[in-house]
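*Asks:* First, the structure itself, so that you have it in front of you.
The values are calculated or read from the model by the stated rules, or taken from the named source; none is laboratory data. Since the structure is predicted, the reported quantities are computational estimates derived from the model, not experimental observations. Don't worry about glycine lacking a Cβ; one is built from the backbone with ideal geometry, like all the others, and counts go over all protein chains shown. Remember, those area values only see protein heavy atoms, side chains included, never the ligands or the DNA or RNA. Shrake-Rupley method; radii C 1.70, N 1.55, O 1.52, S 1.80 Å.
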Amino acid sequence: NTIMQALKNPIVLEQEEYFLPASIGVSIHPADGRDAHTLIMNADIAMYSAKAKGKNQVVYCDEEMKAQTTKRLRLTNGLYRALDRNELFVMYQPQMCTETRKVCGFEALVRWNNPEYGLVQPLSFIPLAEQTGLIRPIGMFVFEQACKQLIAFQQTCQERLTMSVNLSVVQLKDARIVENMKKILKKTGVDVHALQIEITECATFLDEPILLERIFELKQLGLSLAVDDFGTGHSSFSRLKTYPIDQLKIDIEFVQGITTGSDKDKALIKSIIQTAKNLGMEVLAEGVETEKQLQFLSQHGCDKVQGFYISKPLKVEEISCESLLTTH
Ligand code: C2E
Ligand code: MG
Ligand code: MG
């Protein structure tokens, strides 16, 4: 508290006032460690928590914080070996055309079967994969699996099915991404026009000109481009103009608003659909869980839907041709 108090007053340097906020992490002997190394490490964890909570405060280390950090560390270490040990696999969530009410494609979603923690969801390990750069090989693994699976679906069920694969912006920064994807396209012989990549907008990266260039190169391979989670985060109208976008994916947040009764959500959905149409883009709504939501989206001209109401993400062996061809 004395340190925080001392830093409350601005420091004056050449007639300018500077405010220095402090984030302090505290660990206590012996609960948080018996040696200096452990104590400092735990104080550090608490300090990062203070920063994450908005800085300028004191945070004490606690058991949960320590457990979380340990889990993170173990997951990160495990992730280095996950690919070699065949612990990663891909699930496929059907996408349905609202007009025909038939499945017209899939989104590939990665999963991790961790020996210690069981099934780990992507939201827990994709950020770790991005920080460590492991998203590059993992992303290529998912892309290759998805290409092979698309061929299998097309051959056994319906030749016009499509496949959508998520691509992290970190992957786009990789100078070899285009070359690597091209290799996989060639190796598998997949129909590239049935493939789509999904990118979630992210303010810090997307304004780098090189990334726009890379997206154009991927488009040139014949892939189509979807903007994921549209309307949340960092979506911007100006990017709708500059990026060669084929599809907007309306975020689940708005879709849920249809049933929770928010008129604003409904109005926003209508506007997103109209905007997409006016710009010649396709629209898909994510996270559709009820008939009422489906009705609303379909009435307002949404082309495709995806969500638990149609189907949860499925393992390959759970997908049958009959269920794909039936009308919902
Ligand atoms: P996303 O691409 O927006 O994927 C949609 C997420 O919503 C999936 O979560 C899906 O299981 C979930 N979902 C689908 N329908 C419903 C519904 O009706 N209700 C609810 N509540 N949820 C629904 P999942 O599989 O946990 O993936 C989370 C995110 O992780 C994805 O969001 C995507 O951003 C990322 N991700 C998944 N696989 C990959 C991958 O291979 N590469 C990269 N870079 N990111 C991936
Ligand atoms: Mg997606
Ligand atoms: Mg999404």
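*Asks:* At a temperature of 20 °C and a viscosity of 1.002 mPa s, determine how fast the chain diffuses translationally according to Stokes-Einstein, using the Kirkwood radius over alpha-carbon pairs as Rh; express D in µm²/s, rounded to the nearest whole number.
*Replies:* For these conditions, the coefficient is 95 µm²/s.
*Asks:* Using every alpha carbon pair in the range 271-326, what percent of pairs falls into each 5 Å bin from 0 up to the bin containing the largest distance?
*Replies:* 4, 17, 23, 19, 17, 11, 6, 2
*Asks:* Continuing with the same structure: Taking N as the number of residues in the range 192-326, what value does Rg over Cα atoms divided by 2.2 N^0.38 Å take?
*Replies:* Its radius of gyration relative to the 2.2 N^0.38 Å reference: 1.12.
*Asks:* Cut-off 10 angstrom, C-alpha nodes, Gaussian network model of the chain. Which of 50, 82, 194 fluctuates the most?
*Replies:* Highest fluctuation among the options: 50.
*Asks:* On to the next question. Rounded to whole Å and sorted largest first, list the principal axis extents of the Cα atoms in the range 63-196.
*Replies:* The principal-axis extents, from largest down, are 53, 34, 25 Å.
*Asks:* Most mobile of 123, 297, 20 per a Gaussian network model of the chain (Cα springs, under 10 Å)?
*Replies:* 20
*Asks:* Treat every Asp and Glu Cβ in the chain as -1 and every Lys and Arg Cβ as +1, leave all other atoms uncharged, and give the resulting dipole magnitude about the Cα centre to the nearest 20 debye.
*Replies:* Charge dipole, the chain, about its Cα centre: 460 debye, nearest 20.
*Asks:* In a shell of Cβ-Cβ distance under 11 Å around residue 259, excluding residue 259 itself, what net charge do Lys and Arg (+1) and Asp and Glu (-1) give?
*Replies:* -1
*Asks:* What is the angle, in °, between the Cα long axis of helix 63-82 and the longest principal axis of the Cα atoms in the chain? Nearest 10 is fine, range 0 to 90.
*Replies:* The answer is roughly 50 degrees.
*Asks:* So how exposed is residue 242, as accessible area in Å² (1.4 Å probe, rounded to 10)?
*Replies:* 70
*Asks:* Next up: So what is Rg over Rh here for the range 109-173, counting just Cα atoms and using Kirkwood for Rh?
*Replies:* Rg/Rh: 1.05.
*Asks:* When only DSSP loop residues count, what chymotrypsin sites (Phe, Trp or Tyr not before Pro) in the range 1-86 have their Cβ near at most 13 other Cβ atoms within 10 Å?
*Replies:* Passing both the DSSP loop test and the Cβ count: 19.
*Asks:* When the Cα atoms of the range 1-105 are enclosed in a convex hull and the volume is divided per residue, what value in Å³ results?
*Replies:* Hull volume over Cα atoms, normalised by residue count, gives 255 Å³.
*Asks:* Identify, among 41, 58, 69, the residue whose Cα sits farthest towards the positive end of the charge dipole of the range 25-74, taking +1 on the Cβ of Lys and Arg and -1 on the Cβ of Asp and Glu, with the dipole about the Cα centre.
*Replies:* The residue sitting farthest along the positive end of the dipole is 69.
*Asks:* Quick check: the angle from helix 122-132's long axis to the longest principal axis of the chain, C-alpha only, nearest 10 degrees?
*Replies:* 60
*Asks:* Subtract the Cα-Cα distance of residue 41 and residue 22 from 0.36 nm times their separation in residues, and report this length gain in nm to one decimal.
*Replies:* Gain on stretching residue 41 to residue 22: 5.0 nm.
*Asks:* In the P(r) worked out for the range 236-300, what percent of Cα pairs fall beyond 14 Å?
*Replies:* 55
*Asks:* I'd like the distance separating the alpha-carbon centroids of the range 58-136 and the range 295-328, in whole Å.
*Replies:* 23
*Asks:* Only bridges whose two residues both fall in the chain count here: according to DSSP, what percent of them are antiparallel, nearest 5?
*Replies:* For the chain, the DSSP antiparallel bridge percentage is about 45.
*Asks:* What does the charge count near residue 192 come to, summing +1 for each Lys or Arg and -1 for each Asp or Glu among other residues with Cβ under 11 Å from its Cβ?
*Replies:* +2
*Asks:* Right, something else. With n ≥ 4 as the cut-off for DSSP H runs, can you work out [θ] at 222 nm for the chain, using -39500 (n - 2.57) per run divided by the number of residues, rounded to the nearest 500?
*Replies:* -14000 deg cm²/dmol
*Asks:* A follow-up question, please. What residue among 37, 234, 193 shows peak mean-square fluctuation when the chain is described by a Gaussian network model with Cα springs under 10 Å?
*Replies:* Largest GNM mean-square fluctuation: 37.
*Asks:* Just to check I understand the Karplus step: with θ = phi - 60° and J = 6.51 cos²θ - 1.76 cosθ + 1.60, what whole-Hz values come out for the range 315-328, glycine and proline as x?
*Replies:* 6, 3, 5, 8, 9, 10, 4, 4, 5, 6, 8, 7, 8, 7
*Asks:* Can you give the local net charge around residue 154? Use residues other than it whose beta-carbon is closer than 13 angstrom to its beta-carbon, Lys and Arg +1, Asp and Glu -1.
*Replies:* Neighbour charge sum, excluding residue 154 itself: 0.
*Asks:* Then there's this: Once you've got the Cα coordinates, tell me which of 266/312; 292/312; 182/219; 148/187; 102/312; 148/186 are over 20 Å apart.
*Replies:* 266/312
*Asks:* Using θ = phi - 60° and the Karplus form 6.51 cos²θ - 1.76 cosθ + 1.60, what ³J(HN,Hα) does each residue of the range 191-198 get, whole Hz, x for Gly and Pro?
*Replies:* In residue order, the calculated couplings are 6, 4, 6, 9, 9, 10, 10, 10 Hz.
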